[in-house]
Amino acid sequence: MKYLYDYRQFRNTAHLFFIFLLLCPVPANSQSRPVCSYCGKSIPGTIISAGKSFFHPEHFLCAYCGKIISGGYNEKDDKFYHPDCYKQNEGLTCAYCGKLLEDEYIVSTGKKYHPECYEKNVLPKCSVCSLPLKDKFSVDIYGNKYHPAHSAELSKCDCCKRLICQNLTRGGKRYSDGRNICMLCFLESVSEQYQINEMFKKVISKLNSFGININGKNIKAIGVDRIELKKRSSSFSDNTQGFCDSETKSNFLNDKLVSKLYNHTIYILNGTHYLSMEATLAHELMHAWMTENCSEKLPDKIKEGSCNYISYLYLNSLSNSKKNDFIKLIENDPDPVYGKGFKEIKFGFENKSLTQLLAYLKAKN
């Protein structure tokens, strides 16, 4: 009795089998011959032995394509397959290119990929350098993903907080006062005083329409650089965009207070995006309103949180789609006073009228 072996090895399959071509003389008693598992008849000549089954050579068929198997095969659940058909049947094809998977593949979110297809076409790409993000990565408030190392390599825009690079912001500039500004903000920035004056009138008009009564005659806004703003501000930080300097003159008659006169000067960073400047003006004008209408004992978190909330309402009232970038800055401010204060005021008053917030601020000590 002679055995011929056709040996092929396949990885990433359920089993590894070999075809045995059993060649033997036909015995006198045909009843001793194996029965074909396909047709149920005795096999008089060449026998295909696969697993626990026997077949006529022409009946050893692939369960996937229906064609004769003449070489290596795979078995599953008592069914037999060409190796490539087995991969097709088991879904061992790349979810990106559709081609068969070979020795190694990657499984992600339940889908299988060639390593090269996964890296080039499935993995998220760095918004800064466009290379695949294989390991941990950072995500900014705009949804841009990037390698953490870029945070140390690149400057952030002092206006929108994006990493300044060609891919994200088309580059940027550096002002003489040390500020970095991306080209997205620079191209729509405001630096001239006459522009600030027009913007100032616009914001006052909008706040008055909200029911925040502000007398613009005793308030002025002046554009300054960071160095001058630092001199004027009593609580300056690198994130400071403006400061409202308020002066109060009290008038007494017979030692009795009869009136107060207020004058406010808003110092605002020039060279910033016009929407950022408008939001800052709304914030500082709310400070002027609180100086005239609220207790000096009002906690800083309530003051700054309320001013940020007015900036938020102002931006939301605009039809400009770019407003969303600056709304995100307010919503994602990590500062324990400005950011947390905003979240608390928004949580407490977003479903109430602005009149109720103003009444709360006037009554709060």
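At-a-glance table
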item: Filter pass, Gly45 being on the phi > 0 side of the Ramachandran plot, of a type in the set (Gly, Ala, Ser) and either in contact with a Ser or Thr (Cβ under 9 Å, 6 or more places away or on another chain) or not in a strand (DSSP E or B) (or both); result: no
item: Lone qualifier among Thr272, Thr240, Thr291 - being under 21 Å from Ile214 (Cα atoms), out of contact with any Pro (no Cβ under 8 Å at 6 or more places or on another chain) and not hydrophobic (A, V, I, L, M, F, W, C); result: Thr291
item: Single residue of Cys160, Cys165, Cys182 found to be over 23 Å from Ile330 (Cβ atoms), surrounded by 18 or more Cβ atoms within 10 Å (Cβ to Cβ) and of a type outside the set (Lys, Arg); result: Cys165
item: Residue, farthest from the chain's Cα centre (by Cα), within the stretch 79-101, restricted to residues that are at pLDDT below 80 and assigned to a loop (DSSP other than H, G, I, E, B); result: Glu90
item: Which numbered condition Phe236 fails, given (1) surrounded by fewer than 18 Cβ atoms within 10 Å (Cβ to Cβ); (2) aromatic (Phe, Trp, Tyr); (3) at pLDDT 95 or above; (4) under 28 Å from Lys328 (Cα atoms); result: (3)
item: Test: residue in the stretch 313-331 that is more than 19 Å from Ile212 (Cβ to Cβ) and hydroxyl-bearing (Ser, Thr, Tyr); result: yes
item: Unmet criterion (only one of (1) modelled with pLDDT of 85 or more; (2) touching a Pro at 6+ places or on another chain (Cβ under 8 Å); (3) more than 30 Å from Cys39 (Cβ to Cβ)) for Glu104; result: (1)
item: Answer residue from the stretch 247-280, given it is among the aromatic types (Phe, Trp, Tyr) and surrounded by 14 or more Cβ atoms within 10 Å (Cβ to Cβ) and is modelled with the lowest pLDDT among those; result: Tyr262
item: Enumeration of residues in the stretch 271-308 that are part of a helix (DSSP H, G or I), closer than 26 Å to Cys182 by Cα and of a type in the set (Ser, Thr, Tyr); result: Tyr274, Ser276, Thr280
item: Residues satisfying the stated conditions in the stretch 314-339, i.e. under 21 Å from Leu358 (Cβ atoms) and surrounded by fewer than 18 Cβ atoms within 10 Å (Cβ to Cβ); result: Asn316, Ser317, Val337
item: Failed condition for Leu361, given (1) over 23 Å from Ser246 (Cα atoms); (2) in contact with a Ser or Thr (Cβ under 8 Å, 6 or more places away or on another chain); result: (1)
item: Helices (runs of 4 or more DSSP H) enclosed by the stretch 137-234 - at least 1 residues per element that are within 21 Å of Leu269 (Cα to Cα) and free of Cβ contacts under 8 Å to residues at least 12 places away in the same chain; result: 193-210, 226-232
item: Of the criteria (1) in contact with a Phe, Trp or Tyr (Cβ under 9 Å, 6 or more places away or on another chain); (2) not assigned by TED's automatic domain parsing to the domain that holds Ile48; (3) not aliphatic (A, V, I, L, M), which one Ser70 fails; result: (2)
item: Filtered residues of the stretch 116-130 (kept if assigned to a helix (DSSP H, G or I), surrounded by 14 or more Cβ atoms within 10 Å (Cβ to Cβ) and not β-branched (Val, Ile, Thr)); result: Cys117, Tyr118, Glu119, Asn121
item: Search result, residues across the stretch 57-78 that are surrounded by 14 or more Cβ atoms within 10 Å (Cβ to Cβ), touching an Asp or Glu at 6+ places or on another chain (Cβ under 7 Å) and part of a loop (DSSP other than H, G, I, E, B); result: Gly72
item: Top-ranked residue in the stretch 352-365 [being part of a loop (DSSP other than H, G, I, E, B) and modelled with pLDDT under 95; ranked as surrounded by the fewest Cβ atoms within 10 Å (Cβ to Cβ)]; result: Asn365
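Here is a yes/no grid of residues against (1) closer than 30 Å to Gln166 by Cα; (2) among the aliphatic types (A, V, I, L, M); (3) touching a residue at least 40 places away in the same chain (Cβ under 8 Å); (4) touching a Pro at 6+ places or on another chain (Cβ under 9 Å):
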| position | (1), (2), (3), (4) |
| --- | --- |
| Gly51 | no, no, no, no |
| Phe54 | no, no, no, yes |
| Tyr64 | no, no, no, no |
| His82 | no, no, no, no |
| Cys85 | no, no, no, no |
| Ser108 | no, no, no, no |
| Pro124 | yes, no, no, yes |
| Cys129 | yes, no, no, no |
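The values are calculated or read from the model by the stated rules, or taken from the named source; none is laboratory data. Being a predicted model, the structure only gives us computed values, none of them experimental. Methodologically, a virtual Cβ is constructed for each residue, glycine included, from the backbone with ideal geometry; neighbour enumeration extends over all protein chains shown.
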